[in-house]
């Protein structure tokens with residue numbers, strides 16, 4: 001049981017996942033600071049509000065009281081999500097896809113240069129053997 005646990009922990013994908021979680025947590029702090037310090041004030045300026053989370057609408061209720069719709073907090077959450085998604089895509093995903101495409105292109109050029117004649121598959125070999133045996137039995 002301990003041996004299986006050790007093999008599980010020492011697998012590359014578990015360590016990669018742990019590193020991704022730690023880096024993701026640190027990266028989240030950076031993105032949140034960017035959104036809170038730059039994007040939210042810009043949007044607050046457009047809506048003439050000091051902080052987006054203060055953006056709300058108060059409406060009277062049927063019984064004479066008031067009800068407050070705090071859609072600023074929802075707007076902040078949406079902006080945070082879009083900012084994180086955009087930064088992750090443009091900083092990590094897009095460059096990694098570009099790098100993989102270039103590596104595949106280089107590998108394709110290397111394969112084409114050292115390409116050996118294609119060997120027949122097992123099915124093709126079996127068909128050839130069958131045909132040879134049929135010809136042999138006819139003689």
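The values are calculated or read from the model by the stated rules, or taken from the named source; none is laboratory data. From a predicted model like this one, the values you see are computed outputs, not experimental measurements. Neighbour counts are summed over all protein chains in view; Cβ atoms, including those assigned to glycine, are modelled from backbone coordinates with ideal geometry.
Give the number of residues within segment 60-104 that are in contact with a strand residue (DSSP E or B) (Cβ under 9 Å, 6 or more places away or on another chain) and either surrounded by 10 or more Cβ atoms within 10 Å (Cβ to Cβ) or within 30 Å of residue 34 (Cβ to Cβ) (or both). Count: 5. I'm trying to understand the selection: among the residues of segment 105-123, which are part of a helix (DSSP H, G or I), at pLDDT 80 or above and surrounded by 10 or more Cβ atoms within 10 Å (Cβ to Cβ)? Answer for segment 105-123, where residues must be part of a helix (DSSP H, G or I), at pLDDT 80 or above and surrounded by 10 or more Cβ atoms within 10 Å (Cβ to Cβ): 105, 106, 107.
Here's the yes/no breakdown for (1) at pLDDT below 80; (2) within 20 Å of the chain's Cα centre (by Cα):
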| site | (1), (2) |
| --- | --- |
| 32 | yes, yes |
| 43 | yes, no |
| 59 | no, no |
| 63 | no, no |
| 69 | no, no |
| 78 | no, yes |
| 89 | no, yes |
| 95 | no, yes |
